[in-house]
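Single-structure report; data block below.
The values are calculated or read from the model by the stated rules, or taken from the named source; none is laboratory data. No experiment lies behind these values; they were computed from the predicted model shown. Cβ sites come from the backbone with ideal geometry, for glycine too, and all protein chains shown count toward neighbours.
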Amino acid sequence: MIYVVKFFNTFIMYNNFNIFVKYVIQNNRMDLTKYTFKPSRHRNKNIILIQFPFDQNLIAALRKRFPSAKWSASKKSWYLPDLPVVRKAIQMQEKNSVAVKVKSIHPLNQQAYLDLNKQLTLKKYSLSTKRIYLAEFKHLLTLLDDYYVGNLNPKRLKDYFLYCLKVEKMSERKMNGKINAIKFFFEQVLHRPKMFFDIPRPKKPQTLPKMLSKTEVKKLFRVTTNLKHRVALQLCYGMGLRVSEVVNIKIVDVDSKRMVLHVRGAKGKKDRYVPLPNSILPQLREYYLTFRPKVYLFEGQYGNAYAKSSLQQVFRFAMKKANINKEIGIHGLRHSYATHLLESGADMRFIQELLGHNSIKTTQVYTKVTPRSTSKIKSPLDSL
């Protein structure tokens, strides 16, 4: 342990974390070939049995890598919950969720559901988009029951959308996602002509971004005593990152020599570089030494990326602890970053590039929440 600390301190002096990380990985790796993993059921829950010859070293390695592993006396085996993140960590094939969900659809429409999934995969849509499209399409197929979806005409689809709006009270955002999913099926899967142009889309409300003042941001960080949580929130604000971008940061993405962070595969599958704040380096050093992440900067329970929902919960708890009574989510830290940059005189194009916006129009919304853009405007009355 003393050698590891000395090794870490030597390279940290030069702001180089990557060599230390490689050392930790090489010395803390669990040899998966010595274990056998098998899906099973235990106490009405899906689990993964872990079987291996009795060996105290193998048990210690298992418990070190997976502290949540439990022993089942009835199964006479160690086990873990059967979750996608666990399967990924043990290099086990993931369950086919599409194959499970299609069983709840009427046989007449099951192929339509599978064809949609296949086309989304071929076009390399993101996992989140696939999940939304398949869920919205499944909602339609469930209501149709034994009526084939390909026989729907624009009038019947309009009736369905009205039902979703008036009866199920779906929001504008959800409705637009639903229309996109069904539009994709008819045009990209069935190769029908673009028949949806006369279907009106719900108009999204033009809301202003919610943000925190600099004083509130300081207060938020001050009450967040957990080092991991505080560093994650500081990166959200300090670089204007989306929560999905923060949890997907890998150690190799942090370039401490050039003082930049490589944001990979962000919204729209775009990469970008964002300046790394100098003030965060001391806490990053402390964080590396304390938690020793291996692949992702912020790791979850099973060595995977930290869950977005967990970081959102951290933010909500910090807001409550700081007595900041604003209805705002963690994305507000990104809005605050952009607004405070604009207030300090940063160029709009520069902010657009840092945030990864496609259009300058998206970035210009921040001019509506900062007084800087209007402070120099003089009323005509003053010139009379």
Check your understanding: Hey, among LYS124, LYS138, which residue is in a helix (DSSP H, G or I) and not polar (S, T, N, Q)?
Key -> LYS138
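Please go through the range 61-88 and pick out each residue that is aliphatic (A, V, I, L, M) and over 25 Å from TYR306 (Cβ atoms). Full working, then the answer.
Within the range 61-88, the subset aliphatic (A, V, I, L, M) is 61-62, 69, 73, 80, 83, 85-86.
Answer for the range 61-88, where residues must be aliphatic (A, V, I, L, M) and over 25 Å from TYR306 (Cβ atoms): just ALA73.
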Review point. Would you pick out the residues in the range 264-286 that are of a type in the set (Gly, Ala, Ser), within 21 Å of the chain's Cα centre (by Cα) and not in a strand (DSSP E or B)?
Key: GLY268
Exercise for review: Consider only pairs whose beta carbons are under 9 Å apart and that are at least six residues apart or on different chains; among these, list those whose first residue lies in the range 337-354 and is in contact (Cβ under 8 Å) with a residue 60 or more places away in the chain and surrounded by fewer than 18 Cβ atoms within 10 Å (Cβ to Cβ) and whose second residue is of a type in the set (A, V, I, L, M) and not in a helix (DSSP H, G or I).
Suggested key: none
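Give the residue that is surrounded by the fewest Cβ atoms within 10 Å (Cβ to Cβ), with candidates limited to residues of the range 42-65 that are part of a loop (DSSP other than H, G, I, E, B) and not hydrophobic (A, V, I, L, M, F, W, C). Spell out the reasoning first.
Filtering the range 42-65 down to residues part of a loop (DSSP other than H, G, I, E, B) leaves 43-44, 52-55.
This time we only want the ones that are not hydrophobic (A, V, I, L, M, F, W, C), so: 43-44, 53, 55.
On the way: ARG43: 7, ASN44: 5, PRO53: 7, ASP55: 11.
Filtering first and then ranking leaves ASN44.
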Study note, to complete from the structure: Every listed condition ((1) farther than 25 Å from LEU355 by Cβ; (2) surrounded by 14 or more Cβ atoms within 10 Å (Cβ to Cβ)) holds for ILE324 save (1)
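Results for (1) among the small types (Gly, Ala, Ser); (2) touching a Phe, Trp or Tyr at 6+ places or on another chain (Cβ under 9 Å); (3) closer than 17 Å to TYR288 by Cβ, shown as yes or no for each residue.
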residue	(1), (2), (3)
VAL254	no, yes, yes
VAL260	no, yes, no
LYS270	no, no, no
VAL274	no, no, no
Review point. Residue check: is SER68 closer than 18 Å to GLY300 by Cβ and either in a helix (DSSP H, G or I) or at pLDDT below 90 (or both)?
Key: yes
Review point. What helices (runs of 4 or more DSSP H) lie completely within the range 153-242 and have 2 or more residues being modelled with pLDDT of 90 or more and over 30 Å from ALA305 (Cα atoms)?
Key: 154-166, 172-184
Check your understanding: Which of the following residues is in a strand (DSSP E or B) and either in contact with a helix residue (DSSP H, G or I) (Cβ under 8 Å, 6 or more places away or on another chain) or charged (D, E, K, R) (or both): LEU289, LEU261, LEU311?
Key -> LEU261
Review point. Inside the range 67-120, can you point out the residues that are touching a residue at least 24 places away in the same chain (Cβ under 8 Å), within 30 Å of ASN151 (Cβ to Cβ) and surrounded by 13 or more Cβ atoms within 10 Å (Cβ to Cβ)?
Key: VAL98, LYS101, ILE105, HIS106, LEU108, ASN109, ALA112, TYR113, ASP115, LEU116, GLN119, LEU120
Exercise for review: Among the numbered conditions (1) at positive phi; (2) small (Gly, Ala, Ser); (3) in a helix (DSSP H, G or I), tell me where GLY303 comes up short.
Suggested key: (3)
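Among the listed residues VAL246, VAL260, which satisfies the condition of being on the phi < 0 side of the Ramachandran plot and crowded, with 18+ Cβ neighbours inside 10 Å? So that I can check it myself, show each step before the final result.
Details: VAL260 fails: crowded, with 18+ Cβ neighbours inside 10 Å.
Matching residue, one of VAL246, VAL260: VAL246.
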